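First comes the structure, then the notes that go with it.
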Amino acid sequence: MRKRALGRSGIEVPPLIFGGNVFGWTADRAMSFRLLDACVEAGLNAIDTADVYSYWVPGHSGGESETLIGEWLKARPGMRERVLILTKCGMEMPGRGKGLSPAWIARAAEDSLRRLGVERIDLYQAHRDDETVPVEETLGAFARLIEQGKVRAIGASNYAAPRLRAALEASARHGLPRYESLQPHHNLMERAIEADLLPLCREQEVGVIPYFSLASGFLTGKYRSESDLDKSPRGRRSVAQYMTPRGMRVLAALDEAAARHRATPAQVALAWQMAKPGITAPIASATTPEQLAELVGAARLALDAETVAALDAASA
């Protein structure tokens, strides 16, 4: 499976990154292990998680996803050398802390390393911007982690273009490590980053690894009517906003492209992202082996320019 460079970091990721927010939530321990095994076997060896996953589940406090990944690594001798671990800090860990202060970054990193059972995180990301802390202090904290060998490279998530540019300029000005990746919200229904963030990342050679790549499941084609919104807990909460004439145009274009390429709408939606200049690799999750097989198919699907243009037009 082809690889793409993540910024200037020297890290190469597969065309699709597996989202680990499902581990310990919608995928139990046994299924999480099955999915992780299958990911590596298929060549999808980059796993994205965060310290806060999955604090929102009753009885959870955060760290559940990292803990399961750590248990899986411990149960698979030699596996650490085969996978890339991407995690994040900065969101509130209930009762413990939040933000991007040097003190919290240092503590959060130690906690993540312990839960994961690893000596180094491949990509450590600021989960959300923290404007209460000067960017130089945040970057300095990340620099110390890199110097200590605890982090290989750093990235940002949910940053606005002006703040990302400010961080990149601060890195250059002070000789600090720079954000090598951006993790933004982007898919066929959410294209705002194409106005400013994506051009900035292309200009500065920052990798882009979007989340919510399937628009909370809408782009799978599972939701096509008001009654379909009750098919899952997130239907009315997250998908209802896309049940518009524009959304229906996008689904129609996905159906046409899927028939043409002998693929599924979800595979086409992910392949569209992979074909966009500046996108390094979308993040997508699965909770069953069958869903994972669909992601693997997406990673191997190449769309022609005519299909990409048709999808661009439908989602404009």
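The values are calculated or read from the model by the stated rules, or taken from the named source; none is laboratory data. Note that the coordinates shown come from a computational prediction; the quantities given were computed from them, not determined experimentally. Counting neighbours? That spans all protein chains shown, and the Cβs are built from the backbone with ideal geometry, glycine included.
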Residue match in region 272-291 (condition: exposed (fewer than 14 other Cβ atoms within 10 Å of the Cβ), touching a residue at least 40 places away in the same chain (Cβ under 8 Å) and within 23 Å of S32 (Cα to Cα)): yes
Residue identified as among the small types (G, A, S) and closer than 30 Å to L270 by Cβ among A160, A172: A160
Subset of region 209-235 [surrounded by fewer than 14 Cβ atoms within 10 Å (Cβ to Cβ) and assigned to a helix (DSSP H, G or I)]: E226, S227, D230, K231
Filter result for S65 (in contact with a Ser or Thr (Cβ under 7 Å, 6 or more places away or on another chain) and within 17 Å of I154 (Cα to Cα)): no
Residue list for region 203-216, filter: closer than 23 Å to I47 by Cα and more than 15 Å from the chain's Cα centre (by Cα): E205
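Matching residues to (1) in contact with a Lys or Arg (Cβ under 7 Å, 6 or more places away or on another chain); (2) of a type in the set (A, V, I, L, M):
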site: A258; (1), (2): no, yes
site: V268; (1), (2): no, yes
site: W272; (1), (2): no, no
site: K276; (1), (2): no, no
site: I279; (1), (2): no, yes
site: S285; (1), (2): no, no
site: P289; (1), (2): yes, no
site: E294; (1), (2): no, no
site: A299; (1), (2): no, yes
Filter result (closer than 16 Å to G97 by Cα and either crowded, with 20+ Cβ neighbours inside 10 Å or touching a strand residue (DSSP E or B) at 6+ places or on another chain (Cβ under 6 Å) (or both)) within region 48-76: A50, D51, V52, Y53, S54, G62, G63
Filtered residues of region 63-80 (kept if among the small types (G, A, S) and outside any loop (DSSP other than H, G, I, E, B)): S65, G70, A75
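Quick grid of which residues meet (1) farther than 16 Å from R8 by Cα; (2) touching a Pro at 6+ places or on another chain (Cβ under 7 Å):
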| position | (1), (2) |
| --- | --- |
| M91 | yes, no |
| I105 | yes, no |
| E110 | yes, no |
| D122 | no, no |
| R128 | yes, no |
| I146 | no, yes |
| K150 | yes, no |
| S157 | yes, no |
| H174 | yes, no |
Matching entry among R173, R107, R128 (being in contact with a Gly (Cβ under 8 Å, 6 or more places away or on another chain) and either surrounded by fewer than 17 Cβ atoms within 10 Å (Cβ to Cβ) or on the phi > 0 side of the Ramachandran plot (or both)): R107
Tally of residues being exposed (fewer than 14 other Cβ atoms within 10 Å of the Cβ) and either at pLDDT below 95 or small (G, A, S) (or both) across region 253-271: 1
Residue match in region 50-62 (condition: of a type in the set (S, T, Y), within 15 Å of T287 (Cβ to Cβ), touching a helix residue (DSSP H, G or I) at 6+ places or on another chain (Cβ under 6 Å) and assigned to a loop (DSSP other than H, G, I, E, B)): yes
